[in-house]
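One structure below.
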Amino acid sequence: MMIERIELATPDRRAGSKLNLEGLTKTFGAGAEAVQALAPTDIAVTEGEFLAIVGPSGCGKTTLLNIVAGFETPSGGCAVLDGRPIEGPGSERGVVFQQGALFNWMSVLENVAFGPRACGVAPDAARESAQAMLEKVGLGGFVENYPYQLSGGMQQRVGIARALVNDPAILLMDEPFAALDQQTRELLQEEVRGMWRETGKTVLWITHSIEEALFLASHIVVMTARPGRVKAAFRCRFSESPDLLVASTPEFTAAKREILGLLRSESEAAQRQESMI
Amino acid sequence: MSRTDILAEGEAYDAGTTERKATRRDRWLTGTTFLAFFLVWVGVTGAGHWPPLIRPIFLPSPLAVWQAFLALLEHGYQGNSLWYHVGISFYRFAFAFSSCVLIGVPLGLLLGMNRTARAILEPPIQAIRPIPKLALLPLFLIWFGIGNTSKIIIIAAPVFPLIVIAAMQAVRSVSTKKIQAARCLGAGNWTVFSRVVLPACLPGIFTGIRMAISIAVTMLVAAELTATSDGIAWMSLTAAEFLSTDIVLVGVVIMAVLGFSLDRMIRAIELRIVHWSGHE
Ligand SMILES: Nc1ncnc2c1ncn2[C@@H]1O[C@H](COP(=O)(O)OP(=O)(O)OP(=O)(O)O)[C@@H](O)[C@H]1O
Ligand SMILES: [Mg+2]
């Protein structure tokens with residue numbers, strides 16, 4: 001079996017977890033206007049796992065990631081990274097945004113060197129490691145350019161390099177490739193897959209694409225419609241396959257069908273919610 | 001490097017050359033506008049070769065204005081040289097304007113960053129803003145006398161809130177995403193301000209400053225309306241009383257040149273510093 005259903009928040013997994021979310025809830029607003037974005041959510045992520053989260057639009061995926069990043073505070077429950085409760089943003093959590101988070105007033109090199117410099121590394125040493133990281137993501141020739149002079153795909157590479165150069169304990173990515181064209185997206189997916197296999201970083205990856213989740217992730221969480229919580233979780237082995245064309249195998253299609261089935265009913269529920277508003 | 005990326009780079013190059021061509025075309029069109037304007041002026045005033053369509057007392061010919069300018073250069077106006085009048089006006093304008101920028105921009109940034117400061121200072125500034133500042137002129141004359149102080153203050157009165165609010169709005173509209181990105185890269189408050197918020201605000205601040213220039217030039221005329229006996233706007237205003245339209249026009253052109261060249265100067269500085277303008 002290439003995918004199998006598992007429980008994500010067993011005591012066992014919790015015990016050795018890198019990131020532990022326990023009964024996490026989030027409600028925006030108060031009184032009659034209150035919107036519950038997250039129902040109690042329990043997820044434990046072990047070091048080195050690549051956890052992809054899929055779910056219908058508006059189910060609270062971004063909210064979940066923002067809590068882990070420290071941009072939002074949970075209304076209930078707690079989020080713990082490496083044994084320490086998360087309070088506010090920190091450089092041990094690298095975030096890659098969908099788009100528009102690069103600093104257009106700095107060169108590509110300065111963008112990537114920003115993190116190390118903010119963390120107290122001397123400017124020259126920071127630029128050196130930024131240069132090395134940019135070469136790794138294939139942008140060695142564009143260090144002097146400004147972000148707005150680059151294509152969308154290149155900008156996302158800069159975003160990834162900028163998050164990686166701080167060597168964070170966990171990478172948080174909120175639909176990082178959603179705004180890219182199909183070809184660029186597939187290419188970057190292959191690169192991220194290679195990078196993850198090489199570095200073994202812990203990754204939390206939000207996506208709308210089931211194929212992307214199956215291709216990249218070691219674990220997949222399917223969330224319910226709002227208020228979001230874990231509907232099902234899977235261990236996924238396609239990302240371990242050396243075959244880049246694994247997406248065209250019958251097993252892949254079967255796995256996709258299984259997750260799509262789960263997601264379909266939730267998307268319909270989400271649609272009904274929206275039409276009620 | 002992927003194919004798509006290489007293509008995108010090629011596009012960027014093309015965009016560069018077409019942009020340069022477009023700029024040249026824009027310059028040419030601008031020049032044509034000025035030339036057309038000038039020719040119409042020559043046409044309706046006759047230039048000495050045909051009878052003027054508009055009598056010189058209402059619109060003197062460009063040549064007459066030029067001669068008035070030369071005469072003013074030589075003999076001055078009402079006991080002072082032309083340069084003295086230009087200088088005193090420029091002093092009032094520049095003092096008022098640069099104080100507004102030097103104090104207004106930091107204050108606006110503070111208001112944008114700090115909720116408490118905003119709660120204390122924003123309502124009074126917003127309340128003062130719609131008052132027609134010209135109505136305060138008599139009051140300023142009583143408070144600050146007929147010297148330069150009251151003139152500087154009347155110029156600063158509308159310019160200051162405009163610059164403060166432009167800077168504050170610029171801070172308020174900095175994308176949260178960029179601030180979040182900086183925070184999760186390990187940046188503290190000072191780094192977020194100096195390397196993210198401040199540069200992100202610059203386009204908005206420059207827009208505010210350029211808007212303020214035309215208002216400041218207008219207020220210069222208001223400042224020299226009464227209780228003075230020098231200044232370029234005062235020269236125009238008193239010349240009008242004697243129907244010396246040529247001298248009026250010399251003053252108008254000098255003020256127009258002042259406003260226009262300041263705007264160009266600040267635009268040039270802006271283009272140099274804010275190269276990413278339009279790319280958020
Ligand atoms: N700051 C906020 N104030 C009020 N409601 C919010 C806020 N942020 C999110 N919400 C609401 O919470 C719910 C979950 O939002 P969230 O952005 O987490 O969804 P999502 O799963 O990321 O959706 P998508 O897939 O479309 O990106 C939505 O109904 C949204 O309207
Ligand atoms: Mg989202």
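The values are calculated or read from the model by the stated rules, or taken from the named source; none is laboratory data. Here the structure is a predicted model, which means the values were calculated and not measured. Positions of Cβ are generated from backbone atoms using ideal geometry, with glycine treated the same way; all protein chains shown enter the neighbour counts. We work out accessible area using only protein heavy atoms, side chains counted, and drop any ligands, DNA or RNA first. Shrake-Rupley method; radii C 1.70, N 1.55, O 1.52, S 1.80 Å.
Any idea how many residues of region A:145-156 are more than 21 Å from B:Ala200 (Cβ to Cβ) and open to solvent by 10 Å² or more (accessible area, probe 1.4 Å)? Full working, then the answer.
Initial filter on region A:145-156 (more than 21 Å from B:Ala200 (Cβ to Cβ)): A:151, A:153-154.
Narrowing the set further to residues that are open to solvent by 10 Å² or more (accessible area, probe 1.4 Å) leaves A:151.
Residues in region A:145-156 being more than 21 Å from B:Ala200 (Cβ to Cβ) and open to solvent by 10 Å² or more (accessible area, probe 1.4 Å): 1 in total.
Considering only region B:67-89, how many residues are closer than 16 Å to B:Asp230 by Cβ, surrounded by 17 or more Cβ atoms within 10 Å (Cβ to Cβ) and not small (Gly, Ala, Ser)? Don't jump to the end; show me each part of the working.
Step one: list which residues in region B:67-89 are closer than 16 Å to B:Asp230 by Cβ, which gives B:72, B:75-89.
Now narrow it down to the ones that are surrounded by 17 or more Cβ atoms within 10 Å (Cβ to Cβ): B:72, B:77, B:82, B:85-86, B:88-89.
Checking which are not small (Gly, Ala, Ser) leaves us with B:72, B:77, B:82, B:85-86, B:88.
Here the count works out to 6.
What single numbered condition from (1) within 16 Å of ligand 2 (Cβ to nearest atom); (2) in contact (Cβ under 8 Å) with a residue 40 or more places away in the chain fails to hold for A:Phe71?
(2)
Does A:Ala101 count as at the interface with chain B (Cβ under 9 Å from one of its Cβ atoms), out of contact with any Ser or Thr (no Cβ under 6 Å at 6 or more places or on another chain) and modelled with pLDDT under 95?
Yes.
For A:Gly60, state whether it is within 10 Å of another protein chain (Cβ to nearest Cβ) and either of a type in the set (Gly, Ala, Ser) or under 27 Å from A:Ser275 (Cβ atoms) (or both).
No: the conditions fail for A:Gly60.
Quick check on region B:172-184: of everything there that is buried (at least 23 other Cβ atoms within 10 Å of the Cβ) and out of contact with any strand residue (DSSP E or B) (no Cβ under 8 Å at 6 or more places or on another chain), which residue is nearest to the other protein chains (Cβ to nearest Cβ)?
So in region B:172-184, the residues buried (at least 23 other Cβ atoms within 10 Å of the Cβ) come out as B:181-184.
Still in the running and out of contact with any strand residue (DSSP E or B) (no Cβ under 8 Å at 6 or more places or on another chain): B:182-183.
Details: B:Ala182: 7, B:Arg183: 4 Å.
Only one residue fits best here, namely B:Arg183.
When you go through (1) of a type in the set (D, E, K, R); (2) over 23 Å from the mean Cα position of the chain (by Cα); (3) open to solvent by 60 Å² or more (accessible area, probe 1.4 Å) one by one for B:Arg118, which number turns out not to apply?
(3)
Please state which one of B:Glu280, B:Glu270 is within 14 Å of chain A (Cβ to nearest Cβ), over 16 Å from the mean Cα position of the chain (by Cα) and touching a residue at least 24 places away in the same chain (Cβ under 8 Å). Spell out the reasoning first.
Working: B:Glu270 fails: over 16 Å from the mean Cα position of the chain (by Cα).
Going through B:Glu280, B:Glu270 in turn, the sole match is B:Glu280.
What strands (runs of 3 or more DSSP E) completely inside region A:5-108 contain at least 1 residues that are surrounded by 23 or more Cβ atoms within 10 Å (Cβ to Cβ)?
Passing ranges, in order: A:17-28, A:35-46, A:50-54, A:93-96.
Please specify each residue of region A:171-206 satisfying the condition of being open to solvent by 10 Å² or more (accessible area, probe 1.4 Å), within 16 Å of ligand 1 (Cβ to nearest atom) and either closer than 13 Å to A:Ala217 by Cα or of a type in the set (D, E, K, R) (or both).
Answer for region A:171-206, where residues must be open to solvent by 10 Å² or more (accessible area, probe 1.4 Å), within 16 Å of ligand 1 (Cβ to nearest atom) and either closer than 13 Å to A:Ala217 by Cα or of a type in the set (D, E, K, R) (or both): A:Asp174, A:Glu175.
Here is a list: A:Val221, A:Val158, A:Val246. Which entry is among the aliphatic types (A, V, I, L, M), over 30 Å from A:Glu128 (Cβ atoms) and either within 14 Å of chain B (Cβ to nearest Cβ) or in contact with a Lys or Arg (Cβ under 9 Å, 6 or more places away or on another chain) (or both)?
On the way: A:Val158 fails: over 30 Å from A:Glu128 (Cβ atoms); A:Val246 fails: either within 14 Å of chain B (Cβ to nearest Cβ) or in contact with a Lys or Arg (Cβ under 9 Å, 6 or more places away or on another chain) (or both).
Only one candidate qualifies: A:Val221.
Mind counting the residues in region A:117-137 that are assigned to a loop (DSSP other than H, G, I, E, B) and open to solvent by 30 Å² or more (accessible area, probe 1.4 Å)?
Looking only at region A:117-137, we keep the residues that are assigned to a loop (DSSP other than H, G, I, E, B), and these are A:119-122, A:137.
Imposing the further condition that a residue be open to solvent by 30 Å² or more (accessible area, probe 1.4 Å) reduces the set to A:119-122.
Of the residues in region A:117-137, 4 are assigned to a loop (DSSP other than H, G, I, E, B) and open to solvent by 30 Å² or more (accessible area, probe 1.4 Å).
Of the conditions (1) more than 13 Å from the chain's Cα centre (by Cα); (2) closer than 18 Å to A:Arg93 by Cβ; (3) away from every other protein chain (no Cβ under 11 Å), A:Arg237 fails just one. Which one is it?
It fails just one condition, (2).
Being touching a residue at least 24 places away in the same chain (Cβ under 8 Å) and polar (S, T, N, Q) is the filter here, so list the residues in region A:242-270 that pass it.
If the condition is that a residue be touching a residue at least 24 places away in the same chain (Cβ under 8 Å) and polar (S, T, N, Q), then A:Ser267 is the only one that fits.
Consider A:Val45 carefully, then state whether it is away from every other protein chain (no Cβ under 14 Å), closer than 26 Å to A:Gln98 by Cβ and within 16 Å of ligand 1 (Cβ to nearest atom).
No; evaluated as a whole, the condition is false for this residue.
Would you check if there is a residue in region B:31-43 being surrounded by 15 or more Cβ atoms within 10 Å (Cβ to Cβ), outside any helix (DSSP H, G or I) and of a type outside the set (Ser, Thr, Tyr)?
No, every residue in region B:31-43 fails to be surrounded by 15 or more Cβ atoms within 10 Å (Cβ to Cβ), outside any helix (DSSP H, G or I) and of a type outside the set (Ser, Thr, Tyr).
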